[in-house]
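Single-structure report; data block below.
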Amino acid sequence: MELNIRKAETRDIPRISELLSQVLEVHAAGRPDLFKSGTTKYDETELAEIIGNPDRPIFVAEHGGVVVGYAFCVFQRHDERNSPCYTTLYIDDLCVDEKSRGLNVGRTLYEYVLKFAKDSGCYNVTLNVWACNESAMKFYEKCGLQVQKIGMEKIL
């Protein structure tokens with residue numbers, strides 16, 4: 001599959017919204033206590049603001065003129081007293097259309113993000129993955145990511 005990876009544009013918002021719905025439904029199935037089915041993480045106004053924000057780049061994977069995946073990223077600058085200063089590119093969300101999974105769309109997007117982060121002077125790339133999303137965890141492990149820290153909870 002030949003893909004074109006590029007920065008998202010406002011014309012991509014309707015398709016990005018569809019993909020956001022797919023991600024939300026995966027999370028709602030795994031954690032219905034935390035995610036409400038039938039919603040999305042961002043509305044169209046918020047998406048337009050994010051697309052215009054250079055500190056929050058969104059990349060889309062396009063095949064045949066159709067967006068088949070995206071990666072939402074956020075530059076995070078770390079300047080704590082007890083550690084060296086560095087910049088992280090945080091992958092806030094990565095989605096591949098359910099019809100395009102298994103075709104290396106996710107890996108191509110991820111590798112593009114890695115190159116972008118390196119070219120931008122970042123020290124590392126990080127992301128969070130929900131424990132209920134085993135397929136995503138396996139995908140990220142195949143891409144070479146390692147556990148950095150583990151968040152834990154006790155539901156009351």
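The values are calculated or read from the model by the stated rules, or taken from the named source; none is laboratory data. Computed from a predicted model, the values in this text were never measured in an experiment. Note that each Cβ is placed from the backbone with ideal geometry, even for glycine, and that neighbours are counted across all protein chains shown. All accessible areas refer to the heavy atoms of the entire protein, side chains included, with ligands and DNA or RNA removed. Shrake-Rupley method; radii C 1.70, N 1.55, O 1.52, S 1.80 Å.
Structure notes:
- Check on residue 14, more than 30 Å from residue 154 (Cβ to Cβ), open to solvent by 70 Å² or more (accessible area, probe 1.4 Å), free of Cβ contacts under 8 Å to residues at least 40 places away in the same chain and in a loop (DSSP other than H, G, I, E, B): no
- Residue among 114, 94, 109, 145 that is in a loop (DSSP other than H, G, I, E, B) and among the hydrophobic types (A, V, I, L, M, F, W, C): 145
- Any hit, segment 2-10, residues being within 19 Å of residue 126 (Cβ to Cβ) and either open to solvent by 40 Å² or more (accessible area, probe 1.4 Å) or free of Cβ contacts under 8 Å to residues at least 60 places away in the same chain (or both): no
Each row is one residue, and each column tells you yes or no for (1) β-branched (Val, Ile, Thr); (2) without any contact (Cβ under 8 Å) to a residue 12 or more places away in the chain; (3) surrounded by 13 or more Cβ atoms within 10 Å (Cβ to Cβ); (4) at negative phi.
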position: 79; (1), (2), (3), (4): no, yes, no, yes
position: 97; (1), (2), (3), (4): no, no, yes, yes
position: 133; (1), (2), (3), (4): no, no, yes, yes
position: 147; (1), (2), (3), (4): yes, yes, no, yes
position: 151; (1), (2), (3), (4): no, no, no, yes
